[in-house]
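The values are calculated or read from the model by the stated rules, or taken from the named source; none is laboratory data. Remember, predicted model here, so these are calculated numbers, not experimental data. Glycine gets a Cβ as well: all are built from the backbone with ideal geometry, and neighbour counts include every protein chain shown.
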Amino acid sequence: MSLKNVFARKKSVFIPYITCGDPSLEKTEELITTIESAGADIIELGVPFSDPIADGPIIQAAYNRALKQEVSLERVIKIVEKQRKKVKIPIILLSYYNPIYKYGIERFVSSAKDIGISAVVIPDLPPEEAREIMVHSEKKDFSIIFFLAPTSTDKRIKFIGSQPAPFIYYVSITGITGVRDSLSSHLKERLQRIKALCKKPVAVGFGISNPSQAEEVAKIADGVIVGSAIVDIIGKNLSNPTKPVFDLVSSIASCVHRVKCSTKVRLK
Amino acid sequence: MQKLPDKNGHFDGFGGKFVPETLMSALTELEKSYLSAKKDKDFQAKLKELLSSYAGRPTPLYYAERLTKKLGGAKIYLKREDLCHTGAHKINNTLGQVLLAKRMGKPRVIAETGAGQHGVATATASAMMGLKCEVYMGTEDIERQRLNVFRMELLGAKVIPVESGSRTLKDAINEALRDWVTNVANTHCVIGSVVGPHPYPMIVRDFQSVIGKETMRQILKMEGDLPDYLVACVGGGSNAMGLFAPFYNEKLVRFIGVEAGGEGISTGKHAASLVAGEKGVLHGSLSYILQDKNGQISVTHSVSAGLDYPGVGPEHSFYKDMKRAEYVTITDKEALKGFCVLAETEGIIPALESAHAIAYTVKLAPKLSQDEIIVVNLSGRGDKDVETVAKILKEGT
């Protein structure tokens, strides 16, 4: 299914995140199918990077675990290729820009597209610097997902809303990834502003840590992204993360999915 | 003066703003404030006043007669940035940026530091202007630059140890950027070199250009001619860019940037991004960087903490590609020799960073004729390194 179609369905979209190679690539293969069976609508796979400036300690630790085993973009692409046939939901990648730049921008877009990756999220690549990757993506009908943040001005909301991507990734807090006790008090207001200025579906990530927070966000956004909370569970169960990840993902999925679309439409 | 960077912060393909969306508005705000301050006569007058009455500018251009005679070639002049308040050129930039932070109404500044000189210079400017200051520093650097840690604390700054990655400058920058992403509303991030996302490479170059402007005036007065060579060490590249940039259009003046060769390029234990690196994106800009085959950033090595960095300012990458400057390396051992030679012949103990520039000059000068002129940027003084050097020399004997 395409990302566009997933967002067109009448329920909120749940996007869990894990880092590839954390705790090992074999476990990642297993976790991908686990996460689909636990009710995810899209899965986001992180490519480890040595200098992740947008990430807090939990995801930094996951990157380090993966880098110790020399997990690279090349190897991530290989395991996704293997898993792609086994899972039906869309797979998106998250990678900092340098591993992609080093791999080769055109080569990356074409490998990713060919193996069935739907899009890539690049935390350190604003649209201003994305011209080269966009040229290749448009040729291949591949998507680059851009971010909006609490600090984005109206002008930037319109600019990013006009980019050819199936959805926008809204960073819910002014800060880095991590588990937070509560949601930003301005979240609803900010999402309303974004909705007033652009028509794209908006998925919210950064700091959403448990099922009840996810449900709250699902009421006001088109999608919910949960990363650090899942990565934290993996970090605490390195020898066998499958069951704890299944439990957490399925409990968040059921909370996100029980939000009726009618409620969402009214809030928009 | 050159017209770059362009309005997007690019130096012909290098530079740019490769940062999380959260910082994009802050970078725009910083650029606007800087450009308006640049035109503001009061701001410029205040900065000029601080540079002269507080930092001690202009710094002397000193004819190193004994070193010149010893080497028996070109005439060697030293631009004495080591005589600046706090002991290095870093204060030129921090006075400018902290003044800018104040103008933007930001009560808190943060900085990253490697050798500790930029941290000390930021703490100094913050103390003098009454701003809250926190400095990120890798634990390996805290170990080898203890004196500077204590200086920062005396100046009222909080030094935050960074345990991640290689626990050096690169990781301190990561942590400073994470802090800035989180506290961008009330915080200005004082980047200490010509690195980072636009507008930093431009701002730091402009604030450091006072070095080259003074040098040009001084050498014309002393020699009635421009120098043939400008030599400076390059980690991130701020002291080199500050010296080079005002001479950009003087095509007969050759620029030589000296990178940290560590234990030798072939050992892989070095920090020579321009000489041995490839294009890549680190800390917000596209430049030459040291990375592995998968695009992971390499762990670097240099005896000098201030050069121990896997990236370099994008304008240096631009200079390299257009062949405006030549970049060379000096090993740890050669740098130590340069350190000792300057102490013995001229009674000046240089910073280990600047000792790289001295060591290259020791190689270059004898090959040149006596009517040629070399200006070496003596970017900092070596008090901070005396303990490290003593330890190495003791081990060596």
Subset tally (residues that are touching a strand residue (DSSP E or B) at 6+ places or on another chain (Cβ under 7 Å), in a helix (DSSP H, G or I) and closer than 23 Å to residue B:353 by Cα) for the range B:209-254: 7
Kindly evaluate residue A:156 against the criterion of being farther than 24 Å from residue B:286 by Cα, part of a helix (DSSP H, G or I) and free of Cβ contacts under 8 Å to residues at least 40 places away in the same chain. no
Of all residues in the range A:112-130, how many are within 14 Å of chain B (Cβ to nearest Cβ), touching a Lys or Arg at 6+ places or on another chain (Cβ under 7 Å) and either surrounded by fewer than 18 Cβ atoms within 10 Å (Cβ to Cβ) or charged (D, E, K, R) (or both)? 2
Filter the range A:162-201 down to the residues that are in a strand (DSSP E or B) and farther than 17 Å from residue A:126 by Cβ and list them by number. A:179
When you scan the range A:67-78, how many residues do you find that are more than 8 Å from every other protein chain (Cβ to nearest Cβ) and more than 17 Å from residue A:16 (Cβ to Cβ)? 6
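Inspect the range A:102-111 for any residue being closer than 30 Å to residue A:218 by Cα, within 11 Å of chain B (Cβ to nearest Cβ) and surrounded by fewer than 20 Cβ atoms within 10 Å (Cβ to Cβ) and give the result as yes or no.
Looking for residues that are closer than 30 Å to residue A:218 by Cα, within 11 Å of chain B (Cβ to nearest Cβ) and surrounded by fewer than 20 Cβ atoms within 10 Å (Cβ to Cβ), one finds none in the range A:102-111, hence no.
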Per-region count, the range B:177-208, residues under 21 Å from residue B:47 (Cβ atoms) and either within 9 Å of another protein chain (Cβ to nearest Cβ) or part of a helix (DSSP H, G or I) (or both): 9
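For residue A:224, indicate whether it is closer than 17 Å to residue A:13 by Cα and in contact with a Phe, Trp or Tyr (Cβ under 6 Å, 6 or more places away or on another chain). Give the steps one after another, and end with the answer.
Details: closer than 17 Å to residue A:13 by Cα: yes; in contact with a Phe, Trp or Tyr (Cβ under 6 Å, 6 or more places away or on another chain): yes.
Against the criterion (closer than 17 Å to residue A:13 by Cα and in contact with a Phe, Trp or Tyr (Cβ under 6 Å, 6 or more places away or on another chain)), residue A:224 qualifies.
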When you scan the range B:58-82, how many residues do you find that are within 19 Å of the chain's Cα centre (by Cα), crowded, with 20+ Cβ neighbours inside 10 Å and not polar (S, T, N, Q)? 5
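Hey, can you tell me all the residues within the range A:140-162 that are more than 12 Å from chain B (Cβ to nearest Cβ) and either farther than 21 Å from residue A:227 by Cβ or more than 19 Å from the chain's Cα centre (by Cα) (or both)? Before you say what the answer is, go through the steps one by one.
Filtering the range A:140-162 down to residues more than 12 Å from chain B (Cβ to nearest Cβ) leaves A:140-144, A:158, A:161-162.
A:140, A:141, A:142, A:158, A:161, A:162, listed by residue number.
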The range B:296-305, subset buried (at least 24 other Cβ atoms within 10 Å of the Cβ) and in a loop (DSSP other than H, G, I, E, B), residue farthest from the other protein chains (Cβ to nearest Cβ): B:303
Counting only residues that are within 16 Å of the chain's Cα centre (by Cα) and small (Gly, Ala, Ser), which one in the range A:1-37 is farthest from residue A:143 (Cα to Cα)? A:12
Residue A:133 vs. criteria in a helix (DSSP H, G or I), within 29 Å of residue A:173 (Cβ to Cβ) and either at pLDDT below 95 or within 14 Å of chain B (Cβ to nearest Cβ) (or both): yes
For the range B:140-149, enumerate the residues that are surrounded by 15 or more Cβ atoms within 10 Å (Cβ to Cβ) and either within 25 Å of residue A:68 (Cα to Cα) or free of Cβ contacts under 8 Å to residues at least 40 places away in the same chain (or both). B:140, B:141, B:142, B:149
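Conditions tested, residue by residue: (1) within 11 Å of chain A (Cβ to nearest Cβ); (2) out of contact with any Lys or Arg (no Cβ under 7 Å at 6 or more places or on another chain); (3) at pLDDT below 95; (4) within 19 Å of residue B:15 (Cα to Cα).
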| residue | (1), (2), (3), (4) |
| --- | --- |
| B:258 | no, yes, no, no |
| B:289 | yes, yes, no, yes |
| B:294 | yes, no, no, no |
| B:315 | no, no, no, yes |
| B:319 | no, yes, no, yes |
| B:323 | no, yes, no, yes |
| B:333 | no, yes, no, no |
| B:336 | no, yes, no, no |
A careful count of residues in the range B:150-167 that are buried (at least 24 other Cβ atoms within 10 Å of the Cβ) and within 23 Å of residue B:242 (Cβ to Cβ) gives 1
Evaluate the following for residue A:21: is it on the phi > 0 side of the Ramachandran plot, part of a loop (DSSP other than H, G, I, E, B) and more than 14 Å from chain B (Cβ to nearest Cβ)? no
Looking at residue B:21, is it within 30 Å of residue B:289 (Cα to Cα) and without any contact (Cβ under 8 Å) to a residue 12 or more places away in the chain? yes
The range B:260-286: number of residues that are outside any loop (DSSP other than H, G, I, E, B) and either at pLDDT below 95 or not hydrophobic (A, V, I, L, M, F, W, C) (or both): 9
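Where residues in the range B:104-118 are touching a Cys at 6+ places or on another chain (Cβ under 9 Å) and of a type outside the set (Asp, Glu), which of them is surrounded by the most Cβ atoms within 10 Å (Cβ to Cβ)? Walk me through how you get there before you give the answer.
Looking only at the range B:104-118, we keep the residues that are touching a Cys at 6+ places or on another chain (Cβ under 9 Å), and these are B:108-112.
Applying the additional criterion that residues be of a type outside the set (Asp, Glu) yields B:108-111.
Working: B:108: 17, B:109: 26, B:110: 25, B:111: 31.
Result: B:111.
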Log entry, pairs with first residue in the range B:152-176 being more than 14 Å from chain A (Cβ to nearest Cβ), second being among the small types (Gly, Ala, Ser) and surrounded by fewer than 20 Cβ atoms within 10 Å (Cβ to Cβ), beta carbons closer than 9 Å, six or more apart or on different chains, reads B:155/B:127; B:156/B:127; B:157/B:127
Return the only residue of A:176, A:168 being within 14 Å of another protein chain (Cβ to nearest Cβ), surrounded by 21 or more Cβ atoms within 10 Å (Cβ to Cβ) and modelled with pLDDT under 95. A:176
